[in-house]
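Only one structure is covered here, and it is reproduced in the block below.
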Amino acid sequence: MTRPAEKISQIRLNDSLQRLRAATPGAFFRPRQVEEAGLSLGVLRTLVRQGRIEKVGRGLYRFADAELTESYSLAMVCARVPKSVVCLVSALSVHGIGTQLPHGVWLAIPHKAEPPRISGVRLELVRFSGAAWSYGIEDTSFEGVRARITGPARTVVDCFRYQRLLGPEAPMEALGDALRRRKVTVAQLSRVLERLPSRRLAAALDVRSI
């Protein structure tokens, strides 16, 4: 039988959880957001003990009942691998380019970085270095988790640069859809090509200009 004091305590915790949800933009949050919601870190620890909040990394928590969406998977991966860039098919999906569906999370990591392993998430890893690590990269966030992603033009260029991983159809579809829907321009693609050359894309653009 639940004691009155315990019942009141649970009511307060339920209220605290609702306040935290209202103050958090997504499934993930950090301790500062707990304090901004007017709650103590002691309440956070109690919710973790009860299994209503999960600690997924250093200084990073998530609601245990959060829905498993594509953005959730991206957020989980970017939280666990902060030094990374969302790219290729995952970036196409985020930017709304083409019809390719990522069967996992496509992620770029530094050339010499140790490949991460994350339980429950399929990772498709590529390596970026030099200009590829910094050029055409945008800051974004998924479920409140800060992340980096290749911009639309850079993503299309990368599809041609990594055609061996995607096959010949995906890059051409991405190019046609991105130009048709004005997600990118030929000028933007050309600027990326100056830094990150792709003979296949250059040839495709030449054909389109005829």
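The values are calculated or read from the model by the stated rules, or taken from the named source; none is laboratory data. Everything numeric in this text was worked out from a predicted model, so none of it was measured. Cβ atoms come from the backbone with ideal geometry, glycine included; neighbour counts cover every protein chain shown.
A few points about this structure:
- Among the residues listed as GLU67, GLU35, the single one being acidic (Asp, Glu) and touching a residue at least 40 places away in the same chain (Cβ under 8 Å): GLU67
- Qualifying residue in region 83-98 (condition: among the β-branched types (Val, Ile, Thr) and out of contact with any Asp or Glu (no Cβ under 9 Å at 6 or more places or on another chain)): yes
- Flag for ARG127 being under 17 Å from CYS87 (Cβ atoms) and in a strand (DSSP E or B): yes
- Sole exception among (1) modelled with pLDDT under 95; (2) in a loop (DSSP other than H, G, I, E, B) for ILE97, by number: (1)
- Residue satisfying condition, being polar (S, T, N, Q) and in the same structural domain as LYS183 (by TED's automatic domain parsing), within set SER40, SER90: SER90
- Each residue in region 125-149 was checked for being within 19 Å of PRO197 (Cα to Cα) and of a type in the set (Lys, Arg), and 1 of them qualify.
- Selection count where residues are within 17 Å of the chain's Cα centre (by Cα) and surrounded by 12 or more Cβ atoms within 10 Å (Cβ to Cβ), scope region 98-121: 12
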